[in-house]
Each structure stands twice: as C-alpha cells, then as structure tokens.
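Chemist: This is the structure I want to talk about, given as structure tokens.
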Amino acid sequence: MNRKSNLLLFILCLVFFPGLAQVKPNNNSQLAPLPPMGWMTWNFFADNINEKDIREMADAMVASGMVEAGYNYIFIDDGWQGGRDNRNNIIADPAKFPSGIKALADYVHGKGMKLGIYSDAAQLTCAGYTASLGFEEQDAKTFASWDIDYLKYDYCGAPKDSATAVARYTKMSDALRKSGRDIVFGICEWGQRKPWHWAAEAGGQLWRTTYDVRDKWKNLSGQENAEGILDIFDVNAGLHAFAGPGRWNDPDMLVVGLYGRKGPSGDLGGIGMNDIEYQSQMSLWSMMAAPLVATNDVRYMNAETSRILLNKEVIAVNQDALGKQAERKINNATWTVLVKPLQNDEYAIAILNRGETARNYTIGFSELGLDGKYEVRDLWAHKVLGKSQSWKGKVQSHETKVFRLKKVKGK
Ligand code: GLA
C-alpha cells in the first residue's frame, strides 16, 4: 500500500472506530524501561498517612541521597482515600491531605521526583477504603488531573478466577491510557493467578509475584501470607524468563532498615533481620531486576542502612539497560548462584549462602557458562579482586556477595 491509501485507511478507521483515536498504544517498555525505584508508604506508616509526613519523606529522599541514587518515586499506598464527592469523583481524606493530592504531586515533582497512588479492582481496598471498580475511567481521569505518575492496583475483595482479574486489570489500564497522561500500572494480585503470563498484555508494567513481604529471613510457621525474603526470592527467581524492559516481576518492597518495626511487614512473624540479611535482600532484588522500593524511615537512616540502600554499584546492576533478570545457575540447600547479563558483555554474579554457618566457596565461572578470564569486582567491598577464571572466598551465613565480571581480552 502506498502512503495515500494508508492515510485513507487510517481516516476510515477513525470514522468507524473513533475509540481508537483516544487509546494510546500499550507502550510498556517506554513507560518503565527500567525497574521503578522509590519509597512506599505502606510498611512504615500502614494507612496512617498524611501529606505532612509524605512531604517530609520526600525532603529526606533528596537530603539522604536516595533520589540522586535513582529512588525517584514516592508511592502513596492504601489509606489516602476519603470516599467520593457528589459527582462520584474519588477524593482524598481531607483530614489527612488538606491541600489535596495535586498539591502533593506538585511538591514531589518540584523535588525532581514522581508520585504514585494506590487503588483496588473492587469496591473497597485491602484496608477497607474506597476503590475503583465501576469507576475506572473516572478515577483514571482524576489521577491524571492530579498529575499522578504511577498506579498500584490491588485485588482485595475481587473474585478468585483469572478471567475476571484479566478483565478488571485491562479495564483500568485502558482507562489510564485514555486519561491523557502516562501512568505506570503496577498489578498487585500477589501472583495468585500467575500474572507473569498475562499482566503485560493486560497493560501492566510490573506485577507482584507473591504475597506481602514480611521483615524476616524465612517463613518458619508455614502459614500463608507470612513469607520472608528467602521465600519470596525462591518464587521470584524462577520467573526470570518473563521479565524485561517494561515488564517486571515485582517481589514486593525492600524491608531494609526496618529492624522489625511494628506494622504490616512486622506482622506474621516479621521480627526483623540483621544487616547481612538486609544486604542480601538488596543484592538479590537488584539481581532479579526487581523494583527497588524502600520502606524504611529515610529521615533517620543509620550508616548500615544508607550503605546498603545507596550502593550505587549494586543499583547499577538493577538498573542495567539490558533489563535482564538474573538466572539461577546453581541452587542447592546451601548455595544459590545467580548470573545477570549486563550491557557491554559484562555479567553480575551473586553468591548467596543459605546456610546457618559461614562457609568457604569456590566457583569456576565456566560452571556458570562463562568461559575465559574475567576482571572480578566485588560490589560490596568496592574493589577489583583480580583477573581470574574463578572466585574463592568466605560467605557469611545469609550473606550475598555480588561481583561484576568484565571479560579479559586475549589469553
Ligand atoms: C495488600 C498489598 C500491600 C498493601 C496493602 C494495602 O496487602 O499487597 O502491598 O498495598 O494491601 O492495604
């Protein structure tokens, strides 16, 4: 077809299918080409949120260097809603947000950050607030008019079957695309309907793969919805084939620096972890190209929490432009070894000691499918260890080491 007939076809399409003109194409990879990073209200404040605290957190995100390191979203989670007005427009709770969400978005944007908000594909959210079922287009327009950049869309109160989930998520993502603003869409049905198979097509740029993360290493009770970081890692790590630019597996928030704080992540046995374990979460989430969403009190971070969250070399692995999620190459009762291809033919490898005692480990890179010699840089020690075909060293119990490998040319 020549250009003229293409144009004619386009005009005919618009005449007969006017809706097409309003719906933008599903540009997943342009909306979230890299895993989103930021800070989310839920684990720290639960639903006790207000504009003053969120502004303070936004200030602290800048002052602490979090924004400069890439954590550029503030995600408002559940608890902001104040019902609907007499035209059924969703409104913020006036006691918690007296200046309104638009003013908060302006404030956050003024700091060079973006603002996320939260709703649910049913009548009420998980914490019992007003949600968006039946009001998708109206709410999407409202969010766009507030200059919102991201929507986390939860699934409490919705039916169990997959078909309904696909329909409800697609409805909201269509509404977002029609809203006139680019809004990243985070699907949150906790991996219950295997969203890695359908969520990207339903318009999501990321999807939760598990129930909520608790601030603990491992679920010892066997209770559902009481997962620690190792349990979540073990599910999410197996899903590497589904991730890529604009389509991310989301293993939930970072609990780094919470130290067992009372609240959602402290429930169900969330007794807190030590810094070695928090370092592991940061390492493993970065290797898995997961969204890096901190939830600690960024106003008062101790030196260890800053060291972990602000490790730019580890963040660079997470944010690598190739957008590949690491693959598990070795996985047994004691060791997990992950490999993440990076741009420019480099690799990140991570070695996790799952055991209860410190152990020595030797790994030949050829076991991981990496032949030849590499310059090995330890991304937690921030130094080049040498040029080698292998690595040998001690890994503490529950520690994860991360290395960046650069091929040495020639023999
Ligand atoms: C669910 C989600 C959490 C959080 C709460 C809010 O549990 O999985 O991440 O958003 O709802 O009520």
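The values are calculated or read from the model by the stated rules, or taken from the named source; none is laboratory data. Quantities reported herein were computed from a predicted structural model and do not represent experimental measurements. Every residue, glycine among them, receives a Cβ derived from its backbone with ideal geometry; neighbour counts consider all protein chains shown.
Chemist: Taking segment 60-86 as the search range and keeping residues that are assigned to a helix (DSSP H, G or I) and touching a residue at least 60 places away in the same chain (Cβ under 8 Å), which one is farthest from the ligand (Cβ to nearest atom)?
Modeler: Of the residues in segment 60-86, the ones assigned to a helix (DSSP H, G or I) are 60-63.
Checking the rest, the ones that are also touching a residue at least 60 places away in the same chain (Cβ under 8 Å) come to 60-61.
Working: Ala60: 21, Met61: 20 Å.
It comes out as Ala60.
Chemist: Given the condition within 13 Å of the ligand (Cβ to nearest atom), closer than 26 Å to Ala350 by Cα, in the same structural domain as Ala131 (by TED's automatic domain parsing) and assigned to a loop (DSSP other than H, G, I, E, B), answer yes or no: does some residue in segment 192-208 qualify?
Modeler: Within segment 192-208, none of the residues are within 13 Å of the ligand (Cβ to nearest atom), closer than 26 Å to Ala350 by Cα, in the same structural domain as Ala131 (by TED's automatic domain parsing) and assigned to a loop (DSSP other than H, G, I, E, B).
Chemist: Follow-up question, since we're still on this one. In segment 139-157, what residues are over 26 Å from Pro35 (Cβ atoms), buried (at least 17 other Cβ atoms within 10 Å of the Cβ) and either within 23 Å of the chain's Cα centre (by Cα) or not basic (Lys, Arg) (or both)?
Modeler: Filtering segment 139-157 down to residues over 26 Å from Pro35 (Cβ atoms) leaves 141-142, 145, 157.
The next check asks that each one be buried (at least 17 other Cβ atoms within 10 Å of the Cβ); those that pass are 141-142.
Matches in segment 139-157: Thr142 only.
Chemist: For segment 247-282, give me each residue that is touching a helix residue (DSSP H, G or I) at 6+ places or on another chain (Cβ under 8 Å) and polar (S, T, N, Q).
Modeler: Asn249, Ser265, Gln279, Ser280, Gln281
Chemist: Residues that are more than 13 Å from the ligand (Cβ to nearest atom), outside any loop (DSSP other than H, G, I, E, B) and without any contact (Cβ under 8 Å) to a residue 60 or more places away in the chain: does segment 245-258 have at least one? Talk me through it step by step, then tell me what you get.
Modeler: If we filter segment 245-258 for residues that are more than 13 Å from the ligand (Cβ to nearest atom), which is where we start, we get 245-249, 256-258.
Filter once more, keeping what is outside any loop (DSSP other than H, G, I, E, B): 247-249.
So of that shortlist, the ones also without any contact (Cβ under 8 Å) to a residue 60 or more places away in the chain come out as none.
Checking segment 245-258: not a single residue is more than 13 Å from the ligand (Cβ to nearest atom), outside any loop (DSSP other than H, G, I, E, B) and without any contact (Cβ under 8 Å) to a residue 60 or more places away in the chain.
Chemist: Name the residues in segment 373-411 that are among the polar types (S, T, N, Q), assigned to a strand (DSSP E or B) and farther than 15 Å from Ala350 by Cα, would you? First the steps, then the outcome.
Modeler: Residues of segment 373-411 that are among the polar types (S, T, N, Q), as a first pass: 388-390, 396-397, 400.
Adding the requirement that they be assigned to a strand (DSSP E or B) leaves 388, 390, 400.
Within segment 373-411, just Ser388 meets the criteria.
Chemist: Checking Ala333 against (1) in a loop (DSSP other than H, G, I, E, B); (2) over 22 Å from Ala358 (Cα atoms), which test does it fail?
Modeler: Ala333 satisfies every listed condition except (2).
Chemist: Failed condition for Arg168, given (1) in a strand (DSSP E or B); (2) under 22 Å from the mean Cα position of the chain (by Cα); (3) more than 28 Å from Gly257 (Cβ to Cβ), with all others met?
Modeler: (1)
Chemist: Further question on the same structure: Scan segment 29-81 residue by residue and report those that are at positive phi and in contact with a Ser or Thr (Cβ under 9 Å, 6 or more places away or on another chain).
Modeler: Listed by number, the residues that qualify are Gly65, Gly79.
Chemist: Still on this structure: Would you point out which residue out of Lys152, Lys160 is under 19 Å from Arg247 (Cα atoms) and basic (Lys, Arg)?
Modeler: Values: Lys160 fails: under 19 Å from Arg247 (Cα atoms).
Of Lys152, Lys160, the one residue that is under 19 Å from Arg247 (Cα atoms) and basic (Lys, Arg) is Lys152.
Chemist: Within segment 305-320, how many residues turn out to be out of contact with any His (no Cβ under 7 Å at 6 or more places or on another chain), more than 10 Å from Pro35 (Cα to Cα) and in contact (Cβ under 8 Å) with a residue 40 or more places away in the chain? Give the derivation first.
Modeler: Taking segment 305-320 and keeping what is out of contact with any His (no Cβ under 7 Å at 6 or more places or on another chain), we get 305-312, 314-320.
From what is left, the residues that are more than 10 Å from Pro35 (Cα to Cα) are 305-312, 314-317.
Restricting the remaining residues to those that are in contact (Cβ under 8 Å) with a residue 40 or more places away in the chain gives 305-306, 308-312, 314-315, 317.
Qualifying residue count, segment 305-320: 10.
Chemist: Restricting the search to segment 31-51, which residues are under 10 Å from Gly79 (Cα atoms) and of a type in the set (Phe, Trp, Tyr)?
Modeler: Trp42, Phe45
Residue-by-condition table, conditions (1) part of a helix (DSSP H, G or I); (2) of a type in the set (Ser, Thr, Tyr); (3) surrounded by fewer than 18 Cβ atoms within 10 Å (Cβ to Cβ); (4) outside the structural domain of Gly204 (by TED's automatic domain parsing):
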position	(1), (2), (3), (4)
His240	yes, no, no, no
Gly260	no, no, yes, no
Ile271	no, no, yes, no
Leu338	no, no, no, yes
Ile349	no, no, no, yes
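Chemist: Out of curiosity, is Ala103 buried (at least 20 other Cβ atoms within 10 Å of the Cβ) and either closer than 20 Å to Met40 by Cα or under 22 Å from the mean Cα position of the chain (by Cα) (or both)? Show your work before the answer.
Modeler: Numbers: buried (at least 20 other Cβ atoms within 10 Å of the Cβ): no; either closer than 20 Å to Met40 by Cα or under 22 Å from the mean Cα position of the chain (by Cα) (or both): yes.
Answer is no for this residue.
Chemist: While we're looking at this one, here's another question. Residues to consider are Asp161, Asp154; find the one that is under 22 Å from Thr209 (Cα atoms) and in contact with a Cys (Cβ under 9 Å, 6 or more places away or on another chain). Outline the logic, then answer.
Modeler: Working: Asp161 fails: in contact with a Cys (Cβ under 9 Å, 6 or more places away or on another chain).
On inspection, the qualifying residue turns out to be Asp154.
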